[in-house]
Amino acid sequence: MKRKIFRDLAFFMIGFGVLIGIIFPFFSVALGIPTSYVMTPLFILSCITAGIFVGAFNIFLSRKIIGKKIKTLAQKMTYVEKLIQERANSNDSTTCNDENCLIPVDSDDEIGESAKAFNSLVKSLSSSHQMEADIKSFNHAIASSLDLESLCRISLDKLILQSQAAGGLIIIEKRGDLEIVASRGIEKDGSILKNEIVWRVLKTNIPELIRFPKDIVLDGVIATFRPLELLFIPIVYKDVSLGMILLASIDSFPNQTSDNLSVFIGGMALALRNAVTHSQLQELAANDPLTNIFNRRFGMLRLQEEFGRAVRLSLPIAVLMADIDFFKSVNDTYGHLVGDRVLIQIAQLAKK
């Protein structure tokens, strides 16, 4: 009986109609209608027939109105289930929109509440799928770059888009100093590096959300603006702070922004660590540790490249060599520490 709700409903409604048809003649007698008129087989049969007709008509209305809504709910559930299966099999990032997945809520009863709950579930599922797709896209974009500045620019653009911020910047710790590596919508003003909030976030590795800040003014590319909210998020790799991200919004940040961004920043921290290590290795391989200018090995590689280019394009090539006169006497007279200072000063002059 309980496997088919409308069959149950038909059984009870028609049964109730038959019961009313049987009772109605006795009710009519109680109202004063002569027994000779109502207590006849034809009248009793007519009442039972009318009860059956009313019950059947109620079933028809139920199927037409309630059944249609339940069928719509079932069809939407089936469609969403199909989308989930297709996504699992093909890694497709297709999400539901208002037209093809959500159910119109046009009543305040239990069916309307069911539609609201279903729509809320679909929106949460769609948001989760979109977040997963964004994370994959973000990780793919940053994984392909080992250049520190390029990596930070790509990351900042993605994070600003994800958080709906108006602007932002990325601060990285390099050789013990803080440096603004990427900025969008905000000028690279070094005064921000001295702010106590920046240092507190870097020290505690705890994000902070500041509303209506009184001690920070961010200069925009076109005009100075005071944001409604500032979000400071540390970039942490294995409990070590690599830097931080500052996002500025002229409106309130959406709920759970910090938690959502932490998923992106986790992957960014690993890529950033790789980029910093790569940059350090490149500097160690190409730079002289004393003078911080290109070393002989790097110079010979560049000379080979330029020589090959000159041969291919039939271009002239020139090499300038310089010597430091009496440098040995400087070392012998004043010591090697003074000689190192002389080398550093001459290297800086040559770079200029």
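For Asn58 and Leu193, the FRET efficiency from 1/(1 + (r/R0)^6), where r spans their Cβ atoms and R0 equals 51 Å, is about 0.10. Take 112-120, 312-320 and order them by the average number of nearby Cβ atoms within 10 Å per residue, most first; the result is 112-120, 312-320. Listed by chain and number, the lysines whose alpha-carbon sits under 18 Å from that of Lys203, ignoring those within fewer than 8 places in the same chain, are Lys174, Lys194, Lys238. Residues whose amide H lies under 5 Å from that of Asn287, counting only those 5 or more places away or on a different chain, are Asn295; hydrogens are built 1.01 Å from N in the peptide plane. The modelled label-to-label distance between Lys136 and Gln348, using points 7 Å beyond Cα along the C-beta direction, is 5.3 nm.
In the assembled protein chains, Ile23 presents an accessible area of approximately 80 Å² (probe radius 1.4 Å).
The local environment of Ser258, defined by Cβ-Cβ distances under 15 Å, has a net charge of -2 under the rule Lys, Arg +1 and Asp, Glu -1. Extension gain, Asn287-Thr40: 0.36 nm per intervening residue step, less the Cα-Cα distance, totals 77.3 nm. For segment 1-79, trypsin sites (Lys or Arg not before Pro) are listed when DSSP marks them as loop and at most 15 other Cβ atoms sit within 10 Å of their Cβ; the list is Lys2, Arg3, Lys4. Per-residue Karplus couplings for segment 325-341, computed as 6.51 cos²θ - 1.76 cosθ + 1.60 with θ equal to phi - 60°, are listed in order as 5, 6, 5, 4, 5, 5, 4, 5, 7, 10, x, 6, 5, 5, x, 5, 5 Hz, Gly and Pro entered as x. Rounded to the nearest whole Hz, the Karplus-based 3J(HN,Hα) values (6.51 cos²θ - 1.76 cosθ + 1.60, θ = phi - 60°) of segment 312-323 follow the sequence 5, 9, 6, 10, x, 9, 9, 10, 9, 10, 9, 10, with x at glycine and proline.
Across segment 344-351, rounded Karplus estimates of 3J(HN,Hα) from the backbone phi angles (6.51 cos²θ - 1.76 cosθ + 1.60, θ = phi - 60°) give 4, 5, 5, 4, 5, 5, 5, 5 Hz, Gly and Pro being marked x. A cut-off of 5 Å between modelled amide H atoms, ignoring neighbours fewer than 5 places along the same chain, links Tyr237 with Leu242. Placing R0 at 41 angstrom, the Cβ-Cβ distance between Leu313 and Arg273 gives a FRET efficiency of 0.50 after rounding to 0.05.
The values are calculated or read from the model by the stated rules, or taken from the named source; none is laboratory data. Please read these numbers as outputs of a predicted model, since none were measured by experiment. So basically every Cβ, Gly included, is an ideal-geometry build from the backbone, and we count neighbours across all protein chains shown. Side chains included, ligands, DNA and RNA excluded: accessible areas come from the protein's heavy atoms. Shrake-Rupley method; radii C 1.70, N 1.55, O 1.52, S 1.80 Å.
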